[in-house]
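Novice: Handing you this structure, nothing more for now.
The values are calculated or read from the model by the stated rules, or taken from the named source; none is laboratory data. The structure displayed is predicted, hence computed values, not measured ones. Each accessible area value is taken on the protein alone, full model and side chains, heavy atoms only, with ligands, DNA and RNA left out. Shrake-Rupley method; radii C 1.70, N 1.55, O 1.52, S 1.80 Å.
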Amino acid sequence: MSETTRVPPDHIGWLLHRASTVWSHRFAHAMAKAGFPWYAEARGALLRHLAAEPVSQSEIAARAGLTKQAVQQHLDALVEDGIVERLPDPKDARRRRVRLTSAGLAALAEGDRIKARIEAQDAARIGPARLEALRRDLVTLAQDA
C-alpha cells in the first residue's frame with residue numbers, strides 16, 4: 001500500500017462517529033429545508049443546552065463546553081434571528097438569563113418532528129427491533145464506566 005492510500009480506522013469509535021456525523025447532517029439539512037437554516041451552524045447547537053426555564057449564559061457555556069465569548073457571539077446571532085431572548089436575572093442585575101422565544105420553541109418542535117421522521121427512516125432501513133436494540137446498546141455505552 002502506498003503512503004498516500006489511507007484506510008479508514010477500523011474500530012467502533014470511528015463507526016459511532018461516522019453514524020453520528022451522518023445523522024447530524026441529515027437533521028441539519030432537514031431543519032434548513034424546514035426554514036431553520038441557522039440550525040446547521042454552530043449557534044444551532046446551543047439550543048440543546050437551553051432549559052424550559054431561563055438559563056444563564058455561563059451555564060450554557062459550561063453545558064456546551066464553549067467559552068463565554070463564543071456563547072455570547074452565538075447568542076447575539078440567535079437574538080438577532082428572534083430565536084432566544086435575554087432577560088435580566090432577578091437575583092443579580094449584572095447577569096442576563098436566556099430563554100427561547102416562541103420562534104425558538106417552534107424550531108424545537110419542528111426538530112422533534114424531524115428527529116421522529118429520521119428514526120422512522122432508520123427503522124425502515126434496519127427494522128424496528130434492531131433500531132430499538134441499538135438504542136438500548138447506545139444507552140449502555142453512553143454510561144460512564
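Novice: Where does each of Asp76, Asp92 land when they are ordered by accessible area, with a 1.4 Å probe and the largest first?
Specialist: Working: Asp76 70, Asp92 35 Å².
Ranking Asp76, Asp92 by accessible area, largest first, yields Asp76, Asp92.
Novice: Using alpha-carbon pairs under 8 Å, 6+ residues apart, how would you state the relative contact order of the chain in percent?
Specialist: With pairs under 8 Å counted, the relative contact order is 19 percent.
Novice: Need one number for region 1-68: average projected area of the convex hull over its C-alpha atoms, nm².
Specialist: 7.5
Novice: Normalised by the number of residues in region 1-70, what is the relative contact order in percent for Cα pairs under 8 Å and 6+ residues apart?
Specialist: So the answer I get is 14 percent.
Novice: Just from its helices, what would the mean residue ellipticity at 222 nm be for the chain, if runs of 4 or more DSSP H residues each count -39500 (n - 2.57) and the sum is divided by every residue, rounded to the nearest 500 deg cm²/dmol?
Specialist: Estimated from H runs of four or more residues: -19000 deg cm²/dmol.
Novice: Express the carbon and sulfur contribution to the solvent-accessible surface of region 1-118 as a percent, rounded to the nearest whole number, probe 1.4 angstrom.
Specialist: Values: 4300 of 7790 Å².
Of the solvent-accessible surface of region 1-118, carbon and sulfur hold 55 percent.
Novice: Another question about this same structure. Counting only DSSP beta bridges with both residues in the chain, what percent are antiparallel, rounded to the nearest 5?
Specialist: Of the beta bridges lying entirely in the chain, close to 100 percent run antiparallel.
Novice: Heavy-atom accessible area per residue, the chain, 1.4 Å probe: how many Å²?
Specialist: Counting only protein heavy atoms, the per-residue value for the chain is 70 Å².
Novice: Please give the contour-minus-distance gain from Ala116 to Ser102: 0.36 nm per residue of separation, less the Cα-Cα distance, rounded to one decimal in nm.
Specialist: Details: separation 14, 0.36 × 14 = 5.04 nm, distance 2.12 nm.
In short, 2.9 nm is gained.
Novice: Moving on to the next point. Using a cut-off of 24 Å between alpha-carbon atoms, which lysines can reach Lys115, once sequence neighbours fewer than 8 places away in the same chain are excluded?
Specialist: Qualifying lysines at Cα under 24 Å: Lys33.
Novice: Among (1) 17.7; (2) 16.2; (3) 14.6, find the value of Kirkwood radius over Cα pairs in Å that was calculated from the structure presented, and write down its label.
Specialist: (1)
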